[in-house]
Amino acid sequence: MTRMRLWGRRNSFNVQKVAWLLAELGLEHEHIEIGGSFGGLDDPEFLRRNPHGRVPVLEDGELVLWESHAILRYLAARYGSAALWPAAPGPRALVDRWLDWAQTSLQPAFMDLFWGWYRTPEAARDGARVDAARHRCDALYGLLDRELANRPWLAGDHFTLADVPAGATLYRWHRIDLPRPALGNLSAWYERLAERPAYHAQVMRPCPELWGRQDY
C-alpha cells in the first residue's frame with residue numbers, strides 16, 4: 001500500500017507546486033484526482049481531511065496536511081536536504097521570504113490575470129481588470145528579473161525551495177497570449193527550470209479544459 005497520497009486535480013496551480021516538489025524529491029505516492037471536473041471536495045470523507053474543502057491535501061502515513069506552502073515546507077524538512085531548505089535560521093529565512101512573497105504578492109496578481117483572461121469566456125472578460133492584473137504581473141516579474149541579475153536562482157547559486165512557488169507560475173504566464181515585457185534574466189531562469197525533469201512533468205502541462213471555465 002502506498003504510504004503517501006496527494007489529493008488534488010493535476011491542473012490546479014497549487015497542486016502542481018506540491019507535485020513538482022514530490023517529483024524533485026523522488027517520493028513515490030498515489031495521486032488522487034479531486035476537485036474541478038472530478039468533484040468530491042464536499043464529500044464528508046474529503047472534508048475530514050481538509051475542513052476547508054480545498055486542494056492540495058497531502059497524507060503521509062497518519063499525518064494529513066493542507067495549504068500548499070505548509071506542505072512544501074514539510075516535504076523539504078522531512079525528505080529534503082539543507083541545500084533545498086537550509087537548517088540554519090538565517091539562510092532558511094532567505095528562502096522563506098520568497099515563499100511568502102510568492103503567496104501574498106505574486107500569486108494573487110497572477111491568478112487575477114489567469115482567471116480574468118484564460119478562465120473567463122472572451123465575451124465576458126473585463127478588459128480593465130485584465131489590464132490591471134497584467135500590469136501588476138509585469139511589475140512583479142520585473143522585480144524578479146532584477147533580483148536574478150546577479151544569481152541564477154532566487155536564493156543563491158543553486159535551486160532551493162524558494163524557486164518553487166514563483167517558478168510554478170511561469171509556464172502559464174508564458175502561455176497567456178498577451179504582451180509581456182522582455183525580461184532576460186527571468187527568461188533564463190525559466191529555461192533553467194524547464195530543464196528540470198520534475199518541472200517539465202508536473203508544471204509544464206497544457207490545460208485546455210480550463211479555457212473559459214469559471215467554476216472550480
(request) May I ask for the distance between the Cα centers of the range 70-127 and the range 137-211, given as a whole number of Å? (result) 11
(request) Please give the contour-minus-distance gain from Leu143 to Arg97: 0.36 nm per residue of separation, less the Cα-Cα distance, rounded to one decimal in nm. (result) 15.1 nm
(message) Suppose the chain between Arg213 and Arg192 were pulled fully straight at 0.36 nm per residue; how much longer would it get relative to their current alpha carbon spacing?
(response) 4.4 nm
(message) Within 13 Å, Cβ to Cβ, of Met4, how many net charges do the neighbouring residues add up to if Lys/Arg are +1 and Asp/Glu are -1?
(response) -2
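Determine the sum of side-chain charges near Tyr141: Lys and Arg each +1, Asp and Glu each -1, restricted to other residues whose C-beta is under 13 angstrom from that of Tyr141.
+2
Step by step: find N for the range 89-203, compute 2.2 N^0.38 Å, then divide the Cα radius of gyration by it. What's the final number?
Rg over 2.2 N^0.38 Å, computed on Cα atoms: 1.09.
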(message) Need one word for the range 51-153: rounded, prolate or oblate. Basis is the Cα gyration tensor (sqrt eigenvalues a ≥ b ≥ c); a/c below 1.5 gives rounded, then a/b vs b/c decides.
(response) oblate
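Quick one: net charge around Gly80, please, counting Lys, Arg +1 and Asp, Glu -1 for every other residue with C-beta under 10 Å from its C-beta.
+1
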(message) Using the basic label-point model (7 angstrom from Cα toward the beta carbon), what is the Asp131 to Ile176 distance in nanometres?
(response) 1.5
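Read the figures in this text as sums done on the coordinates, not as results from a lab. Note that this is a predicted model, so its numbers are computed, not measured. Positions of Cβ are backbone-derived with ideal geometry, glycine not excepted, and every protein chain shown enters the neighbour counts.
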